[in-house]
Each structure stands twice: as structure tokens, then as C-alpha cells.
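The values are calculated or read from the model by the stated rules, or taken from the named source; none is laboratory data. These numbers were taken from a predicted model, which means no experiment stands behind them. With ideal geometry, Cβ positions are generated from the backbone for all residues, glycine too; neighbour counts draw on all protein chains shown. Accessible surface areas use protein heavy atoms only, side chains included; no ligands, DNA or RNA. Shrake-Rupley method; radii C 1.70, N 1.55, O 1.52, S 1.80 Å.
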Amino acid sequence: MSSSGTSSFDVDLFVIGGGSGGVRAARIAAGYGARVMLAEEYRVGGTCVIRGCVPKKLMVYASRFADDFHDAEGFGWSVGETRFDWATLIRNKDREIDRLEGIYRANLDKAGVEVIDSRAVIEDAHTVHVLKTGARVRARVILVAVGAHPTLEPVIPGGELGITSNEVFHLETQPKRILVVGGGYIAVEFAGVFAGLGSEVTLLHRGDKLLRGFDEDVRDALGEAYLQRGIDLALGTTLTRLEKTPDGIAATLSDGSVRVVDQVLVATGRRPNTTGLGLEKAGITVDEVGAIPVDGYSQTLVPSIYAVGDVTNRANLTPIAIREGHAFADTVFGPKPTIVDHDLIPTAVFSTPEIGVIGCGEAAARAIYGEIDVYKTAFRPMKATLSGGKDRVFMKLIVDRDSDKVVGVHIMGHDAGEMIQLAGIAVTMGATKADFDRTVAVHPTAAEELVTMRTPVVVKKPVAVG
Ligand SMILES: Cc1cc2nc3c(=O)[nH]c(=O)nc-3n(C[C@H](O)[C@H](O)[C@H](O)COP(=O)(O)OP(=O)(O)OC[C@H]3O[C@@H](n4cnc5c(N)ncnc54)[C@H](O)[C@@H]3O)c2cc1C
């Protein structure tokens, strides 16, 4: 923190970026009595609220009704003819996003934060240039919370015909045929959304499985579920060219095949919004992906400048950006220096079927803990007995043999995101397998399997050679 007196500054804190991290930091700092100004160049709420988690989840909900209509018949309901109207979904979704943005603005206002609708850039360690008004604001502390943006990468001929997750929320019509490029959670989620809404979906990924970094069994299970759902998986493949044709966009793949589609959604990665931000003027050098290096307190090498959220590329999730923003405010303006623990992060992928994960996958756990026990189960959920639904539920527990601690929980199936939030409490508290075992099952549920798996799978040890 700067040791200079407060009086020579216009504000105590200038926050650049009104997304998950910036808004939380601004409100908490203001609550501690700091004079706070926040600049937002697009819409308050940031990626999560405006074009990320929230609108995406609304679209995920929309995409799951087709299953519900189908499932209902096995239970005696006659649903009749159903029809999906894209324009209605987009209109209602936009209305909800407007409402949420209003709430974010009102909360900032209530907290006494001055919000400026403008791009802001750094001029030096204590000065921010507000582009819209031309004002130069002197701040005791600057917080960079500018997030990240999607890219159309890798660059290929005709690549500009593709769209990113920014545009997908505003398409005028539902693409009948869509090619989704990428194997991460955003690509997987949108492939699931469009398949559920009845579009023909090709999911193209250069790797041999979806969701790199996740447990291998989960990756396999999702691949199978997507094939089962009629998604055309083009794995181990890249996109080499896009061309406009009278019938749509012709996408040439690395195996020479061509798919003609109405939209190509590129979800191959995101880059921190650091270009042109003036960081170098303050003496901050970004890393090779453009992220700002920070310490555990989110402080950069320049003592008066901090950074939180996606721009630091630590764990790019909303609850993490919020925690980092809150911890920053507690550290700099409040009574308690706080480091955010990035170790155990429960997370969900809103594919259909959904995935929930906390802790290590099997391979990582083996590398970290050595001796582990693995418990697995895959079953047909009860509802499917009458509905005829094809999705299966998959669950896996990974236990450190030494301490008996559950170090990984992996769930694929209906409401896995909800389940993992609760399992996450137990794992965060250090629950052992014995704790899981003595927890009484809730019957009949799918989640009860988490506490009734008794026999570890036998894992073949690699044979020592030589
Ligand atoms: C499609 C999609 C789905 C997602 N789904 C989930 C999910 O289900 N769960 C989850 O946890 N996370 C999800 N995320 C990730 C989540 O949205 C981000 O991790 C989170 O928003 C990061 O918050 P942030 O504060 O770092 O940045 P952001 O929320 O991106 O906010 C940064 C803000 O800064 C503004 N800005 C940038 N530069 C400037 C400047 N120079 N001057 C003024 N303003 C500026 C931007 O306009 C933006 O509003 C999703 C992301 C995407 C794209």
C-alpha cells in the first residue's frame, strides 16, 4: 500500500472494470470508508452477468425442456406438439440481464461508489485516465479488474466468419446447424445447449477427448453421453478454413471433410484485457498470455496497483474473482490481510448431462498422494426407468490411503452442480472416507451413491521393467 497521505489523492481506490471482482472490491472497500471510483467501459456486471454464467445458464435451462417433454410421456403425460421460439428466449433473457445490471448499479450506488461509464487506462502508479471525460484521477490504490475476452484463435482463412461467446447470446435466429470449436467447458456447454434446442451440432476439438484437465473417466463419460445425444464429435481435428457459400458457411476440417453450417462458434480460449491498458507506463509487465502477475494478496510489483479476477489468469471463475476482490478490500482497506486459497475449488460444467467436480482427478491424485483408493459407480437414474431416458449417472471418489481423506469427487448426471456444492463442504472440511460412510443415505436419490460406495476399484499397478 502507498505510504503517501490520502489528501493528495482524488480517491482512495480506483477500480478499472465493473465485473465480478471489481464490483465486489469496490463495495467492500467503500464499506470500510474508502472513497471509491469505478470505471466500466461496457456494462456493469461484467462477463458473468452480461455474457457469461447467467445468460448461459438461462440457455441451458431452455435446452433441457425437450428432455422433460419426452420424459413426461413415460409417466402418463400427453404433452402434445411442442415448439421452441428462439426470439422469446433471447428477449426474456435480455430483460433479466437488464434487471440484474440495474441491481448491480443500485448496489454500487448504495455503497457510495461513484460509477463512470467509460474506458479507463493507467497513466502511472497512481493516475488513471478516464477516456470519456478526459479526466485524470489520482488514486491512492488502483485495482485492475478488467477481465478477459474470447478470441477467434487460431487464425485461419475465413476465421472472421466465426463468432465467439460474446455474439452467441445475441443471434437473431437459432442456427439450424452449428459447428462449435473447442474442448473446454464453454464449448461443451454451448454444444449441449444447441443440441437440446434441436440444432444439428458438430463439436470439433483438436484433442482426443473433451474437457482437458478433468478426470479421464469423466472425460470419457461426457464423450459417450454427447455421442448418445446425437452430437457429432470431431475429435483430434482442427479447423483449416471457413468460406461463405449460398447455403451457409463451409467449414473445412483438417481431415479434409467439409461441414456446411449456419454458424461457427469458436470457444478455444480467452485472453486477459490488458492490451492498451497502460500497464507498462506504471512499470508492470504482463506474462506470455497477457495476464498480470500478482502475489497472494493480489498485489502487483507496483505497490499501489493490485489486480483480481480473470486478468490475473489464476482460476477464471466468478466466485474466485469475487473472493479475490473481497480479499483485496479486506487486506488494503479493512482489518484483515487475506490470501485466497485457490486449492480446492468446486466447479460445475453445465453440459447436459451436467458435471460437478471438487479436488483431484485420479492421475493428479496418484501423482500427489501416491497410494490412493478409487471408488466408482455408473448407473441408470431412477427416473429413466419410466422415462426411457438414456443418460447415465457417473460418480467417482478418490481417497488418499494414508489419511483416508476424500481428495476428489467427480459427478456426472442431473444436478451434479448442485450436488458438488454440498459435497464440496465436506471435502473442504477434510472429510474422510469413513465420514462419507457414516453419513446416512438419503433414499431414493442419486446422491446417496456418494455415501454408499464401499469397494474400491482394483487398480492394476504398472509392472516394473528391467
Ligand atoms: C460464456 C461464459 C460462461 C461462463 N460461465 C461461468 C460459470 O458457469 N461459472 C463461473 O464461475 N464462471 C463462468 N464464466 C467465467 C466468469 O464469467 C469470469 O470468471 C468472471 O466474470 C471474471 O470476473 P472479472 O471481474 O475478472 O472480469 P469480468 O467479469 O470480465 O469484468 C471485467 C469488466 O471490465 C470491463 N473492462 C475491461 N477493460 C476495461 C477498461 N480499460 N476500462 C473500463 N472497463 C473495462 C469489462 O467491460 C468487464 O465488464 C463464464 C465465462 C464465459 C465467457
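Residues are listed down the side, and each one gets a yes or a no for (1) within 30 Å of Val457 (Cβ to Cβ); (2) open to solvent by 70 Å² or more (accessible area, probe 1.4 Å); (3) not in a helix (DSSP H, G or I):
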position: Ile156; (1), (2), (3): no, no, yes
position: Gly192; (1), (2), (3): yes, no, no
position: Leu210; (1), (2), (3): yes, no, yes
position: Phe214; (1), (2), (3): yes, no, yes
position: Ala234; (1), (2), (3): no, no, yes
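Quick test for you: out of Pro337, Pro319, pick the one residue that is part of a loop (DSSP other than H, G, I, E, B), open to solvent by 20 Å² or more (accessible area, probe 1.4 Å) and within 30 Å of Ala139 (Cα to Cα).
Pro337
For region 218-232, state whether one or more residues are open to solvent by 10 Å² or more (accessible area, probe 1.4 Å) and closer than 23 Å to Gly158 by Cβ.
yes
Scan Met419, Met429 and give me the residue that is closer than 16 Å to Asp215 by Cβ and open to solvent by 20 Å² or more (accessible area, probe 1.4 Å).
Met419
So in region 18-47, with the set limited to residues that are within 6 Å of the ligand (Cβ to nearest atom) and under 18 Å from the mean Cα position of the chain (by Cα), which one is most open to solvent (accessible area, probe 1.4 Å)?
Only one residue fits best here, namely Thr47.
Can you find, within region 340-365, the residue that is least open to solvent (accessible area, probe 1.4 Å) among those that are modelled with pLDDT of 95 or more and more than 16 Å from the ligand (Cβ to nearest atom)?
Of everything passing the filter in region 340-365, Ala365 is least open to solvent (accessible area, probe 1.4 Å).
Within region 166-186, can you find the residues that are near the ligand (Cβ under 10 Å from one of its atoms), open to solvent by less than 10 Å² (accessible area, probe 1.4 Å) and not aromatic (Phe, Trp, Tyr)?
Passing the criteria: only Val168.
List pairs: first residue in region 40-55 and more than 23 Å from His129 (Cβ to Cβ), second residue near the ligand (Cβ under 6 Å from one of its atoms) and among the charged types (D, E, K, R) anywhere in the structure, Cβ distance under 8 angstrom, at least six positions apart or on different chains.
Between residues of region 40-55 that are more than 23 Å from His129 (Cβ to Cβ) and residues that are near the ligand (Cβ under 6 Å from one of its atoms) and among the charged types (D, E, K, R), the close pairs are Thr47/Asp310.
Applying the selection to region 300-310, what residues are buried (at least 19 other Cβ atoms within 10 Å of the Cβ) and either assigned to a loop (DSSP other than H, G, I, E, B) or touching a helix residue (DSSP H, G or I) at 6+ places or on another chain (Cβ under 8 Å) (or both)?
Once the filter is applied, which keeps residues that are buried (at least 19 other Cβ atoms within 10 Å of the Cβ) and either assigned to a loop (DSSP other than H, G, I, E, B) or touching a helix residue (DSSP H, G or I) at 6+ places or on another chain (Cβ under 8 Å) (or both), region 300-310 yields Thr300, Ser304, Ile305, Tyr306, Val308, Gly309, Asp310.
Which of the residues belonging to region 300-331 are of a type outside the set (Val, Ile, Thr) and more than 13 Å from the ligand (Cβ to nearest atom)?
Matches in region 300-331: Leu301, Pro303, Ser304, Ala327, Ala329, Asp330.
Would you kindly identify the strands (runs of 3 or more DSSP E) lying entirely within region 347-441 that contain at least 2 residues that are among the aromatic types (Phe, Trp, Tyr)?
372-379
Yes/no per residue for (1) more than 13 Å from the ligand (Cβ to nearest atom); (2) at pLDDT 95 or above; (3) in a strand (DSSP E or B):
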{"residue": "Gly80", "(1), (2), (3)": "yes, no, no"}
{"residue": "Phe84", "(1), (2), (3)": "yes, yes, no"}
{"residue": "Ile90", "(1), (2), (3)": "yes, yes, no"}
{"residue": "Glu96", "(1), (2), (3)": "yes, yes, no"}
{"residue": "Leu100", "(1), (2), (3)": "no, yes, no"}
{"residue": "Ile103", "(1), (2), (3)": "yes, yes, no"}
{"residue": "Asn107", "(1), (2), (3)": "yes, yes, no"}
{"residue": "Leu143", "(1), (2), (3)": "no, yes, yes"}
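Can you confirm whether Thr285 is within 15 Å of the ligand (Cβ to nearest atom), β-branched (Val, Ile, Thr), outside any helix (DSSP H, G or I) and surrounded by fewer than 21 Cβ atoms within 10 Å (Cβ to Cβ)?
It is false that Thr285 is within 15 Å of the ligand (Cβ to nearest atom), β-branched (Val, Ile, Thr), outside any helix (DSSP H, G or I) and surrounded by fewer than 21 Cβ atoms within 10 Å (Cβ to Cβ).
Looking at region 73-94, is at least one residue under 30 Å from Phe333 (Cβ atoms), in contact with an Asp or Glu (Cβ under 7 Å, 6 or more places away or on another chain) and surrounded by fewer than 20 Cβ atoms within 10 Å (Cβ to Cβ)?
no
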